[in-house]
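Worksheet: the structure to be examined is printed underneath.
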Amino acid sequence: MTQPMTLRSIKDAVIKVECRRCQRHGELDRKKLVRLHGASLSLEEMRRRVAIGCDRMMDETVAQRCELAFPGLSAGGVID
């Protein structure tokens, strides 16, 4: 079983976020996230927190749900 990717495993100072479905995108400061939430914050939990307020996050139709992602992150959690 693989461990969830956390802020601790990301080495870049900036984490890019985007949702192709909603056309939302931005950058998050990794150090600030660690100060606010701790280095053990998983990317799945961070995804939920970033998407708060997105009308599509809990859409009943799977094909319409928010697609918030972290482009540039490899499977090992290191920014490419």
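We did not get these values from a lab; they are worked out from the coordinates using the rules stated. Bear in mind the structure is a predicted one, so any value in this text is a computation, not a measurement. We place every Cβ from the backbone using ideal geometry, glycine too, and count neighbours over all the protein chains shown.
Scan region 27-66 for residues that are within 16 Å of D12 (Cα to Cα) and free of Cβ contacts under 8 Å to residues at least 24 places away in the same chain and the total you get is 7. In region 4-26, the residues that are closer than 14 Å to A39 by Cα reach residues that are among the hydroxyl-bearing types (S, T, Y) with C-beta atoms within less than 7 angstrom, at least six apart or across chains, in these pairs: P4/S42; M5/S42; T6/S40; T6/S42; R8/S40. Which residue is nearest to M5 (Cα to Cα), if the candidates are limited to region 34-67 and must be under 11 Å from the mean Cα position of the chain (by Cα) and part of a helix (DSSP H, G or I)? Taking the candidates together, the pick is L43.
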